1. Mind checking the stretch A:1-74 for GluC sites (Glu not before Pro) that DSSP puts in a loop (not H, G, I, E or B) and that have at most 10 other Cβ atoms within 10 Å?
2. Where only protein heavy atoms count, and the probe is 1.4 Å, what is the accessible area per residue for the stretch B:1-50 in Å²?
3. Roughly how many debye, to the nearest 20, is the charge dipole of the stretch A:1-44 about its Cα centre, given +1 on each Lys and Arg Cβ, -1 on each Asp and Glu Cβ, and no other charges?
4. Leaving ligands, DNA and RNA out of it, report the carbon-plus-sulfur percent of the accessible area of the stretch B:35-115 at a 1.4 Å probe.
5. Under a Cβ-only charge scheme (Lys and Arg +1, Asp and Glu -1), can you give me the dipole magnitude of the protein assembly as shown about the Cα centre, in debye to the nearest 20?
6. Apply 1/(1 + (r/R0)^6) to the Cβ-Cβ distance of B:A82 and B:A56, taking R0 = 25 Å, and write down the FRET efficiency to the nearest 0.05.
7. Using a 1.4 Å probe on the heavy atoms of the protein chains only, list every residue of the stretch A:46-95 that has 50 Å² or more less accessible area in the complete assembly than in its chain alone.
8. Calculate, for chain A, the solvent-accessible area per residue in square angstrom, rolling a 1.4 angstrom probe over the heavy atoms of the protein chains.
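The values are calculated or read from the model by the stated rules, or taken from the named source; none is laboratory data. Keep in mind that this is a model prediction, so the values were computed, not measured. For neighbour counting, all protein chains shown are included, and Cβ atoms are generated from backbone atoms with ideal geometry for every residue, glycine included. Ligands, DNA and RNA are excluded from the accessible area calculation, which covers all protein heavy atoms including side chains. Shrake-Rupley method; radii C 1.70, N 1.55, O 1.52, S 1.80 Å.
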Amino acid sequence: AQKITQTQPGMFVQEKEAVTLDCTYDTSDQSYGLFWYKQPSSGEMIFLIYQGSYDEQNATEGRYSLNFQKARKSANLVISASQLGDSAMYFCARDNYGQNFVFGPGTRLSVLP
Amino acid sequence: NAGVTQTPKFRVLKTGQSMTLLCAQDMNHEYMYWYRQDPGMGLRLIHYSVGEGTTAKGEVPDGYNVSRLKKQNFLLGLESAAPSQTSVYFCASSFPRSRVNSPLHFGNGTRLTVT
């Protein structure tokens, strides 16, 4: 099965600092999308950012940016100026044309005051 | 603007009992999905549907059945619950995957415990 790997089960970051959450993926497709979701302790899944496989520029959404390296099959999430409210689980996901989404196991981020 | 609504939010079943989880979306999405979330394993796809009247198996379909009789609803059934089905279940919906930048929209989850 084509899988998503998130090698950091847990991460700590100091408030106001930047943090990078790693994500690598398998795929034999040429066209696909990469997504990051946030799951706070309340449990809901919140969409953060999207990167298309053909996009030449890295995606950005406010304090979130995606460091996309297609040849390495990596799609790392960068959160700048961390806030206490960023403490949550973060999931990387890949989408296949015409099919469905595959999720990684997640990284738990803790922001320290 | 409800988005994706799941009912119930919590449920406790005894082994062998049956139940149906309900999912409704008001965003006119063609695709709908059922995932289960277990600690350390992320979200795993149970079944999905690409349109009214169609369903397909995902990664972990055993012990579950689904139906999509109406575009806005996707039902997940457990015919004979087992303790291994203790999990948090998420319903999600999206536009067709041909709109590749369309994210999944999730419900708030159902916490199911099977004793």
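1. Sites meeting the loop and neighbour criteria: A:E56.
2. Per-residue accessible area for the stretch B:1-50 comes out at 48 Å².
3. So the magnitude is around 40 debye.
4. 51
5. 380
6. Result of the calculation: an efficiency of 0.65.
7. A:Y50
8. About 48 Å² of surface per residue is accessible.
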